[in-house]
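Take a look at the structure set out below.
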Amino acid sequence: MEYEASLDRAIDALPDLGGSDERLQVPDPTAQKDGAFTRLTNISAIADALGRAAEHVHSNIQRELGTAGQFENGVARYNGNFRASDFQEALDGYVATYVTCSECGLPDTKLVTEDRTSMLRCEACGAFRPVAKQTTTSTTTVEDTVESGNTYEVEIVGTGRKGDGVAERGDYTIFVPGAEEGQTVKAYIKNVSGDLAFARQV
């Protein structure tokens, strides 16, 4: 009887290796337009559900979207127009790389660093693997730079707070007064401030 009781206790203590991530309940991303930017207003709640730092989630979403952005006061902001589905796709990639165990499929993992390499350790099955290196899609090439005094042909993809047309070129957001969404225009760059450029149509 004592043996059977001990065996029952041991079985109860075993982790559930069902291979499902159903316990991972992540809020749907909430996207909010903000002029030339899009906010992900609930990134902190998403990061908490994933058990990861919000800054880490933000930086990887930024890379997946191929754009520049900011994280401040629990809200992430990204240059350009994005839908909730765009954020969801980026988050799905993040979960597959940084959260879900590749062996048992469970989300019971921790990110650790060994010899400057990010590793994913599963607390359910004990699997331990390096985090797959992701390629950066937002690398700015020479063709994607924006300089004062130059003229570029750009597509207007949005509208700024003051009604200006908004275009994207590499990591830069270009404001073009008088241009409307959907147009392709030639924009003469009057000045550049950080990753923002101010132009006029030519």
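No value in this document is a laboratory result; all are computed from the given coordinates. Just so you know, these numbers come straight off a predicted model, no measurement behind them. A quick note on method: Cβ atoms are made from the backbone with ideal geometry, for glycine too, and the neighbour counts reach across all protein chains shown.
Cβ crowding within 10 Å ranks Y94, Y188 as Y188, Y94, fewest other Cβ atoms first. Rounded to whole numbers, the Karplus 3J(HN,Hα) couplings from phi for segment 38-55 are 10, 8, 9, 6, 10, 5, 5, 5, 5, 5, 4, 5, 7, x, 10, 5, 4, 4 Hz, using 6.51 cos²θ - 1.76 cosθ + 1.60 with θ = phi - 60°, and x at Gly and Pro. Couplings 3J(HN,Hα) for segment 68-79, derived from phi with the Karplus relation 6.51 cos²θ - 1.76 cosθ + 1.60 (θ = phi - 60°), are 8, x, 9, 10, 8, 6, x, 10, 9, 10, 10, 5 Hz, where x marks Gly and Pro. Taking other C-beta atoms within 10 angstrom as a stand-in for reagent exposure, T100, T184 fall in the order T184, T100, fewest first. Each Lys and Arg Cβ is given +1 and each Asp and Glu Cβ -1; about its Cα centre, segment 142-201 then shows a dipole of about 360 debye. By other beta-carbon atoms within 10 Å, ranking F198, F82 with the fewest at the front produces F198, F82.
For A179, the residues whose modelled amide H falls within less than 5 Å of its own, excluding neighbours fewer than 5 places apart on the same chain, are G165.
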